[in-house]
Amino acid sequence: MDLFDDEMFEVEEERPPRRPPRKPSRRKRRSGMRGETAKRIVVAIPWIVFAIAIVVAGGAYFAIAMIGIGVLCLREFNAMAAALRPIQRAGYVAVPALIVAAYFGTAFNVLLVLAASFPVIFALGAGREHRDGIVGSMGVTLLAIVWIGIPLVHAVLLRDLPNHGAALLIDVLVGTFAADTGAYATGRMFGSHRIAPSLSPNKTLEGLVGGFLIGTMAFWFAGLYQDWLSGVDALIMGAAVAAIAPVGDLFESMLKRDLGTKDTGTLFGPHGGVLDRLDAVFFTIVVGYYLAVQLVY
């Protein structure tokens, strides 16, 4: 070995410190936001057309559509909560039964079906060969029935209100969609103050305010073409819908985070599944129904 080998005495050249990655410019962020928002709208257009079609059709067509949506939602929920072993047959029986009760009967019949779901859950749970974790299985099954079934029941009840049910239901959907899209757009553009980082890190105060204002005004604007709905009533209903919409979104985010799921499905491609698109509607449709009964009827 050469004791005077030059390689032994080489000194590494000092490298300049790495610069921190540059944040995207505001222009790039706005461009990306516009592109993502446009994608969301394009994906939503066929479903908006479908929603309008079934609302206008009403009657049995609307009830059947709600049953189909309920089955799709249950399928996504059961896959998401598979580790808890939900009693799937109970959900597939109870949710359609609730919708049928709402269409053919009254609120009493809906309550009767909901009460009857308890012994059904028990019977199917007791019939399992392995009943380890049965409490969790029954609990998550009941959650699915209430979370999915009750809002779909209120959709049927709202659509069946005399004279103005279809218009009110479309108003609620417009307000919800506008609040969701407005919150996303303003949050991406101006958001800096997170409101629930442990549940949904991307939700910001700026997006919350923007979604509330846009959703409220969208409902009010839709009401301008309905002479039976006063401007004040439209503002009240719009504000309630826009305020409750993010609660539904955060509720689903909490479930997904606890269950270790990013999206509930792939029906909407990169934008998730049916539950991802209806999480806010499941809350606003209930509020919309009771406010409609109180203010319009």
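Does LEU142 satisfy the criteria of being modelled with pLDDT of 95 or more, under 23 Å from the mean Cα position of the chain (by Cα) and open to solvent by 40 Å² or more (accessible area, probe 1.4 Å)? Against the criterion (modelled with pLDDT of 95 or more, under 23 Å from the mean Cα position of the chain (by Cα) and open to solvent by 40 Å² or more (accessible area, probe 1.4 Å)), LEU142 qualifies. Scanning segment 89-105 turns up one or more residues that are among the hydrophobic types (A, V, I, L, M, F, W, C), at pLDDT 95 or above, surrounded by fewer than 16 Cβ atoms within 10 Å (Cβ to Cβ) and over 23 Å from PHE177 (Cβ atoms).
In segment 243-297, the qualifying residues are those that are hydroxyl-bearing (Ser, Thr, Tyr) and surrounded by fewer than 21 Cβ atoms within 10 Å (Cβ to Cβ), and the one that is modelled with the highest pLDDT is TYR290.
Considering (1) in contact with a Phe, Trp or Tyr (Cβ under 8 Å, 6 or more places away or on another chain); (2) acidic (Asp, Glu); (3) in contact (Cβ under 8 Å) with a residue 60 or more places away in the chain, the lone condition that GLU206 does not fulfil carries the number (3).
Quick one: in segment 177-207, of everything that is out of contact with any strand residue (DSSP E or B) (no Cβ under 7 Å at 6 or more places or on another chain) and either at pLDDT 95 or above or of a type in the set (A, V, I, L, M) (or both), which residue is surrounded by the most Cβ atoms within 10 Å (Cβ to Cβ)?
For segment 177-207, the residue satisfying everything is ALA179.
Quick one: which residue in LEU173, LEU169 is under 18 Å from the mean Cα position of the chain (by Cα), hydrophobic (A, V, I, L, M, F, W, C) and open to solvent by 30 Å² or more (accessible area, probe 1.4 Å)?
Numbers: LEU169 fails: open to solvent by 30 Å² or more (accessible area, probe 1.4 Å).
Exactly one of LEU173, LEU169 is under 18 Å from the mean Cα position of the chain (by Cα), hydrophobic (A, V, I, L, M, F, W, C) and open to solvent by 30 Å² or more (accessible area, probe 1.4 Å), namely LEU173.
The values are calculated or read from the model by the stated rules, or taken from the named source; none is laboratory data. Since this is a predicted model, take the numbers as computed values, not measurements. With ideal geometry, Cβ positions are generated from the backbone for all residues, glycine too; neighbour counts draw on all protein chains shown. For accessibility, only protein heavy atoms count, side chains too; no ligands or nucleic acids. Shrake-Rupley method; radii C 1.70, N 1.55, O 1.52, S 1.80 Å.
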